[in-house]
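Here is the structure we will look at, set down as structure tokens.
A short reminder: the numbers here are calculations on the coordinates, not readings from a lab. The structure displayed is predicted, hence computed values, not measured ones. Note that we place each Cβ from the backbone using ideal geometry, even for glycine, and neighbour counts take in every protein chain shown.
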Amino acid sequence: HAPGSGGACCRMERTFIAIKPDGVQRGLISEIVSRFERKGYKLVAIKLVVPSKQFAEKHYHDLKERPFFNGLCDFLSSGPVLAMVWEGEGVIKYGRKLIGATDPSKSEPGTIRGDLAVVVGRNIIHGSDGPETAKDEIALWFQPKELVSYTSNEEKWIYGVN
Ligand code: IDP
Ligand code: MG
């Protein structure tokens, strides 16, 4: 079921998900990882890193004109970030649904930000917002050899294909 393998899962894709320093410091790693894991997505890369300010600016380059850009990049580079790549059918779009709206005061209950965060400047998690950003963000945070391709025993139960 690897992306592009031409297998039965035509929409198999990968997204970049990161637990920001607030989520890590608050002990929410296992809570957040388990939501993606229990859903049925497959973890293909994971590492704990403290990004430099310059790296944070690259990650958020789309937002450089926004008034909160500098504070946002200071914050992302202020401590450990759990960087991950998750794989699954529709994971880019549905991963954003699991995460919830950018501003936790508007995120639905049941979403990660809705359940676990209060203000937009400390919304604990990042997720790629589309196929292009997913590709770019995975390439920014991970080297190709850090992405692990493997068959999960559960796939046939999650997708119902042989
Ligand atoms: P997203 O994380 O839901 O994709 P973006 O609009 O891409 O939201 O913004 C990136 C991050 O910038 C947000 O997750 C949040 O941490 C921060 N941010 C967005 N809007 C504001 C704001 O109005 N004030 C402060 N921080 C903000
Ligand atoms: Mg975004």
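Can you sort His126, His61 by how many other beta carbons sit within 10 Å, fewest first? Each step should come with its number before you reach the end.
On the way: His126 19, His61 12.
Fewest-to-most Cβ neighbours within 10 Å comes out as His61, His126.
Which three extents, in angstrom, do the Cα atoms of the chain have along their principal axes, listed largest first?
For the chain, the Cα extents along the three principal axes come out at 49, 34, 26 Å.
Please work out whether the range 84-162 counts as rounded, prolate or oblate from its C-alpha gyration tensor, where a ≥ b ≥ c are the square roots of the eigenvalues and a/c under 1.5 means rounded, while otherwise a/b larger than b/c means prolate and anything else oblate?
Here the range 84-162 falls in the oblate category.
Using a cut-off of 14 Å between beta-carbons, work out the net charge of the residues near Thr102 (Lys and Arg +1, Asp and Glu -1, Thr102 not included).
+3
Sorted from largest to smallest, which semi-axis lengths in Å does the alpha carbon gyration tensor of the range 32-80 give for its equivalent ellipsoid, taking the root of 5 times each eigenvalue? Numbers along the way, then the final one.
Details: eigenvalues 144, 33, 19 Å².
Square roots of five times the eigenvalues give 27, 13, 10 Å.
Quick one: give the max-minus-min coordinate of the C-alpha atoms of the range 12-52 along each principal axis, largest first, in Å.
So the three principal-axis extents are 31, 22, 11 Å.
What is the range 66-124 by shape, rounded, prolate or oblate, if you read a ≥ b ≥ c off the alpha carbon gyration tensor as root eigenvalues and call it rounded for a/c under 1.5, prolate for a/b larger than b/c, and oblate otherwise?
It is oblate, given that a/c is not under 1.5 and a/b is not larger than b/c.
Taking Cα pairs under 8 Å and at least six residues apart, what relative contact order does the range 1-131 come out at, in percent?
So the answer I get is 35 percent.
Hey, which of these cross-link pairs are over 23 Å Cα-Cα: Lys53/Lys106; Lys47/Lys106; Lys58/Lys135?
Lys53/Lys106; Lys47/Lys106
Could you pull out the GluC sites (Glu not before Pro) across the range 56-162 that fall in loop regions by DSSP (anything but H, G, I, E, B) with no more than 14 other Cβ atoms inside 10 Å?
Glu65, Glu154
How big is the gap, in Å, between the Cα center of the range 74-104 and the Cα center of the range 118-162?
The distance from the Cα centre of the range 74-104 to that of the range 118-162 comes to 9 Å.
Val85: net charge of surrounding residues, Cβ under 13 Å, Lys/Arg +1, Asp/Glu -1, itself excluded?
0
Arrange Val44, Val50, Val33 by Cβ neighbour counts within 10 Å, fewest through most, would you?
Exposure proxy ranking, most exposed first: Val50, Val33, Val44.
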